[in-house]
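The values are calculated or read from the model by the stated rules, or taken from the named source; none is laboratory data. Predicted, not measured: the structure shown is a model, and the values here were computed from it. Methodologically, a virtual Cβ is constructed for each residue, glycine included, from the backbone with ideal geometry; neighbour enumeration extends over all protein chains shown. To get the accessible areas, we keep the full protein, side chains included, count just its heavy atoms, and leave off ligands, DNA and RNA. Shrake-Rupley method; radii C 1.70, N 1.55, O 1.52, S 1.80 Å.
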Amino acid sequence: QVQLVESGGGLVQPGGSLRLSCAASGMIFGFYTMAWYRQAPGNQRELVAIISRDRSTNYTDSVKGRFTISRDNAKSTVYLQMNSLKPEDTAVYYCHIRVRLRDYWGQGTQVTVSS
């Protein structure tokens, strides 16, 4: 049974940093592409960052140069390092994996950027 558990969200001031973690279980983690999405109130869920099994990465334009996605296959964990946070980064952040054509999501972790 595939499970994703996010952690690391919280309240941070503009310009601050947070690191999100997503611990995965129920699959051979290293075989799969992992992604982070976010959803702000009233908005659709959007792709933030993605990392493939060969560790190639891609980011949505609004976070390029500020966010870094990484993975530790030994720990079955994907990370999202978020620097220079802005109020518009405020959202619930979700971890995602697609296994055998089925999408799995974590429960989400709230990130609030406010002074």
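Checking Phe29 against (1) at pLDDT below 95; (2) open to solvent by 50 Å² or more (accessible area, probe 1.4 Å), only one condition comes out false. Which one?
Unmet for Phe29, out of (1) at pLDDT below 95; (2) open to solvent by 50 Å² or more (accessible area, probe 1.4 Å): (2).
What do you reckon, is Leu20 in contact (Cβ under 8 Å) with a residue 12 or more places away in the chain, open to solvent by 60 Å² or more (accessible area, probe 1.4 Å) and either closer than 15 Å to Val111 by Cβ or not in a helix (DSSP H, G or I) (or both)?
It is false that Leu20 is in contact (Cβ under 8 Å) with a residue 12 or more places away in the chain, open to solvent by 60 Å² or more (accessible area, probe 1.4 Å) and either closer than 15 Å to Val111 by Cβ or not in a helix (DSSP H, G or I) (or both).
Based on what the data block shows, is Arg45 modelled with pLDDT of 95 or more, within 16 Å of Gln110 (Cα to Cα) and buried (at least 19 other Cβ atoms within 10 Å of the Cβ)?
So Arg45 fails the test.
Name, by its number, the condition in (1) over 15 Å from the mean Cα position of the chain (by Cα); (2) assigned to a loop (DSSP other than H, G, I, E, B) that does not hold for Gln107.
Only one criterion is unmet by Gln107, namely (1).
For the stretch 61-91, which residues satisfy the criterion of being open to solvent by 40 Å² or more (accessible area, probe 1.4 Å) and either among the charged types (D, E, K, R) or without any contact (Cβ under 8 Å) to a residue 60 or more places away in the chain (or both)?
The answer is Asp61, Ser62, Lys64, Gly65, Thr68, Ser70, Asp72, Asn73, Ala74, Lys75, Lys86, Glu88.
Assuming Gly15 fulfils every condition listed in (1) open to solvent by 70 Å² or more (accessible area, probe 1.4 Å); (2) part of a loop (DSSP other than H, G, I, E, B) apart from one, which condition is it?
Of the numbered conditions (1) open to solvent by 70 Å² or more (accessible area, probe 1.4 Å); (2) part of a loop (DSSP other than H, G, I, E, B), the odd one out for Gly15 is (1).
Looking at the stretch 93-115 only, could you name the residues that are of a type in the set (A, V, I, L, M) and in contact (Cβ under 8 Å) with a residue 60 or more places away in the chain?
Within the stretch 93-115, Ile97, Val99, Val111, Val113 meet the criteria.
Can you tell me which residue in the stretch 52-77 is farthest from Gly108 (Cα to Cα), limited to those that are part of a strand (DSSP E or B) and of a type in the set (Val, Ile, Thr)?
Thr57
Scan the stretch 92-115 for residues that are of a type outside the set (Ser, Thr, Tyr), under 19 Å from Tyr32 (Cβ atoms) and open to solvent by less than 30 Å² (accessible area, probe 1.4 Å) and jot them down.
Within the stretch 92-115, Cys95, His96, Ile97, Val99, Gly106 meet the criteria.
For the stretch 39-51, which residues satisfy the criterion of being within 13 Å of the chain's Cα centre (by Cα) and either part of a loop (DSSP other than H, G, I, E, B) or of a type in the set (Asp, Glu) (or both)?
Arg45, Glu46
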